[in-house]
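Structure first, then comments.
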Amino acid sequence: MSMIALLIPLSLILVVIAVWAFLWAVNAGQFDDLDTPAWDMLSDDDSTLSVKSESIQDKH
Amino acid sequence: MNAQIDSADKIDSQSVGEARFCFHCNELIPVGIKIFAQIKQRNEAMCCEGCRAVAELITVAGLQDYYQYRSQPALKPEQANDEWSLYSQSGIAKQYVSSEYPDKCAATILVDGLRCAACSWLIDRMLRRDSNIINVDVNVATARVHVTWRGAVTYFAEVLRALSRLGYRPHALDAQGLQQYTDNERRNMLKRLGVSGVGMMQVMMYVLPTYLHNDMDVTVRHYLQLVGLMLTTPVLFYAGWPFLESAARAVRLHSINMDVPVVMALLLAYGASVFNTLLWQGETYFDSVSMFIFLLTLSRFVVMTVRHHSHSVADALVRIQPRIAHVMRDGNLVDVPVSQLLNNDTVLVRVGDTVPADGLIIDGCSTLNEQLLTGESLPVMRKVNSSVMAGSINLTAPLSIRITEIGQRTVLSGILALLEQVQRDKPAAVLLADKISRRFLQSMLLITVVVALSWWWIDPSRIFTTVLAVLVVTCPCALSLAAPAVIASATTTLARRGLLITHADTIEQLAQVETMVFDKTGTLTTGNIVVAHITTYGQLNEDQCRDIAAALESAVSHPIAQAFSSVRSGTQRASNLRVVPGAGVEGEVDNVLYRLGSPAFVNELSNKPLNKVDNTAIWLSDQRVVLACFELSDDLRSDTKACIDELNRMQVRTVVLSGDASVAVEQIAQHCNIAEHHARQSPAAKVKMLKQYQVCSPVAMVGDGINDAPVLAAASVSIAMGAGTALAQASADAILMNNALRVLPHAIAIARRAQRIMKQNLCWAAIYNLSAVPLAATGYISPWLAAAGMSFSSILVVLNAARVLKRDRSS
């Protein structure tokens, strides 16, 4: 019982922190566009991408 | 065999055999086109020079990976038309650009053709190559690009130009209000969804042990219940707030909506649980409350996301209305916002511009595209003293217009007003659901009172637990989830197929559709003009005539000319070209003088009167004889016939209502086995006709133009083509994203299946509630069992709804 009495409030605090982080992320616009950021990584290294894409094309 | 069927057959055989599609825009390449662009060391076929220019631009910039990763074909680029220099005037650019810091400007641009994540990547990379541009923020979901740049406000023109060079159609946005509103709505909903999801999982975790261990220590049990209370309270009052608010509003207005019984059940279950927790006695239902709120929020979130995906009315208005007019004032040509135009102003309409207001032509002679307003697919000739309508596009020569009608009274505003009026008297299927839930709520309260009275008479000590069990059992959770859950999963399924549903009751209506009405131009056909049939009269054969005509038209930028340029294969060059607006073109090919154009114009040269006069045909002659007659029409979409056949097989009646000439409509109707066809219909006549069909059964209308908007709004289910005008899309219940008509029969089948599953759900929920009530009323069901039953029936309903998704995947 004493362990539960301690651990449950601790987990509740964690939940509050998680929810606060989530609300912050939504307010900061992190969830506004879920499609575009996946493509940002293609920007820095175009050469590796084109090698990869050609090998994909060959399989077809 | 007539012309239309010839061309349609050609397309059919192509799509079955070796159809060639443009690598860039994925449209069918007309026969005879040999344009290629080199992409990744391969020659890819293109359908036009516009596509090739864009594809080469992308390749030269090293961004050809766009083609590898895109999930939607690109928009076919419009003819190059540099309208952007307007925005390099600081007075005009200032309306759209915000410059909070000196030397740094920002603007939001609505981009047509921004369809998938690969587009956003392409735009981002391309714009950032410009060293003046500091930041590019592309949002695919809303088709908006936010650009920040260093330098003057007038650099805005360069940004727009860069986007249009990539084949997109940018529109400057000054109104940010609506966008902000949808952004906020989405964020709020997402926060509520997150909070209810986390809350639900936590409550489950703490409450489950109390179900599993009946011999649990009482202190621990109450401790866990108290934790449940702490977690459920924010879920109910934060995540469930929209439901509470909507129910409260309904009650204040002395009406009942679907949220009222939901909120009632939530508040009763929550109130009883709080009561029990604080008194250290009995059962709690925190898990049911939080799970129920989560499931409801989730289904509404899905519906909202799909709704935001489709275009809004504000977007539509941005696209159609010209924003700036060139006006003669005190002898000078000045650029004035359209809202400041006055009657009797003289306005210059350049080639490619939209006519800003209704007026009379006082100088010039040109062809205008009025398709958006009248549905007429071929451009119309307008001369001095003839009137022009706001919203039509000037195609061939500059015009001076004296404004006769402004703002409220223009034809365009008239169509908008008609649309609004029809939208208002749209039948709402929601009323029925409300009526049922109102009855349900009334009988539920009545039963509870009867039960309470009887137990007061039998055994007063058991009143509270029994009444609570009855209330929890009769909670219409499953009943209120039954429909939204199915609608959400059917909406997702259809969206995956390419049909975006924008209204919740569309699926229900679509399932009952027995008649499907189509517009012709742009819906059954692609809207591109092609040469359908050539009749030769002289000694030259078809190909020779075609080559001569193509050479003559090569200098003309006109939609009819494009019909020829697309079939151009010969190397012949025309010289001494002379374009006579409204009549035709004259020129020499291989030292022979030819004329191509209207019968009268051609007759002047050949002096041989033509008997047959057809508006949709143009003629070719040399100095002696008439050589050929070209019949023009627009192409059938490749899947039109398949779609109609399938609909006929499903015993859905098909009808064409078109503003076009009767011959063209009749030919298409015959070729595709369309049951009924009506030509030369004005928007008002179309609405009237549609209402006649609607007397017997719900009607689905498929259309694309502005002139279709009122008809779309009047139909039980309106479906707009994805390539159609934004206004048509704004008034539609559903948008066909890839213009793939063959999706329509599938959509009806899916809607019918969804309807069946919805009925099963409602049936199950009703059976559960009805059979459990007597048991609870007689005291056989304890409150915790009632709560478990409530959760179980809700889950069953949601799982059943998910079958719509699953079956689709397997098929």
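The values are calculated or read from the model by the stated rules, or taken from the named source; none is laboratory data. Predicted, not measured: the structure shown is a model, and the values here were computed from it. Because the Cβ atoms are built from the backbone with ideal geometry, glycine has one as well, and the counts that use them run over all protein chains shown. Side chains are part of the model used for accessible areas, which takes the heavy atoms of the whole protein and leaves out ligands, DNA and RNA. Shrake-Rupley method; radii C 1.70, N 1.55, O 1.52, S 1.80 Å.
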**Request:** Read phi for every residue in segment B:756-767 and hand back ³J(HN,Hα) as whole Hz from Karplus 6.51 cos²θ - 1.76 cosθ + 1.60, θ = phi - 60°, with x for Gly and Pro.
**Result:** 4, 5, 4, 5, 4, 4, 4, 4, 4, 5, 5, 4
**Request:** Determine Rg/Rh for segment B:493-539; Rg is computed over alpha-carbon atoms and Rh is the Kirkwood hydrodynamic estimate from the same atoms.
**Result:** 1.29
**Asked** What list of ³J(HN,Hα) values in whole Hz, one per residue of segment B:200-215 in order, does the Karplus curve 6.51 cos²θ - 1.76 cosθ + 1.60 (θ = phi - 60°) give from phi, with Gly and Pro shown as x?
**Response** 4, 5, 5, 4, 3, 4, 7, 8, 3, x, 5, 7, 6, 10, 6, 8
**Item:** For B:Thr515, distant residues with modelled amide H under 5 Å away
**Value:** B:Arg653, B:Ala700
**Prompt:** Say R0 is 22 Å: what FRET efficiency, to the nearest 0.05, do B:Leu360 and B:Ala397 get from their beta-carbon distance?
**Reply:** 0.85
**Message:** Bins of 5 Å, beginning at zero and ending with the bin holding the largest distance: percent of Cα pairs per bin for segment B:214-259, please.
**Reply:** 5, 20, 15, 12, 13, 10, 9, 8, 6, 1
**Request:** Would you kindly state how much longer the chain becomes between B:Asn332 and B:Gln442 on full extension, computed as 0.36 nm times their sequence separation minus their alpha carbon distance, in nm to one decimal?
**Result:** 32.3 nm
**Message:** Starting from 0.36 nm per residue, how many nanometres of slack lie between B:Lys688 and B:Arg150 once their C-alpha separation is accounted for?
**Reply:** 188.2 nm
**Asked** In what order, largest first, do B:Met381, B:Met230 sit by accessible area if the probe radius is 1.4 Å?
**Response** B:Met230, B:Met381
**Fill in**
Reduced to Cα centres, the span from segment B:105-166 to segment B:508-539 in Å works out to 36
**Asked** With each label point set 7 Å from Cα along the Cα-Cβ vector, what nm distance links B:Gln539 and B:Met650?
**Response** 5.8
**Fill in**
The Rg/Rh figure for segment B:84-174, Cα atoms and Kirkwood Rh, to two decimals is 0.93
**Prompt:** Between B:Ala452 and B:Ile767, what length in nm is gained on full extension when 0.36 nm per residue of separation is reduced by their alpha carbon distance?
**Reply:** 111.1 nm
**Complete:** Net charge (Lys, Arg +1; Asp, Glu -1) of residues whose beta-carbon lies under 13 Å from that of B:His678, B:His678 excluded, is 0
**Prompt:** Measuring from label point to label point, each 7 Å out along Cα→Cβ, what is the B:Glu49 to B:Val218 span in nm?
**Reply:** 9.2
**Complete:** Cα gyration tensor of segment B:180-309 diagonalised, 5x eigenvalues square-rooted, in angstrom largest first, produces semi-axes 30, 18, 10
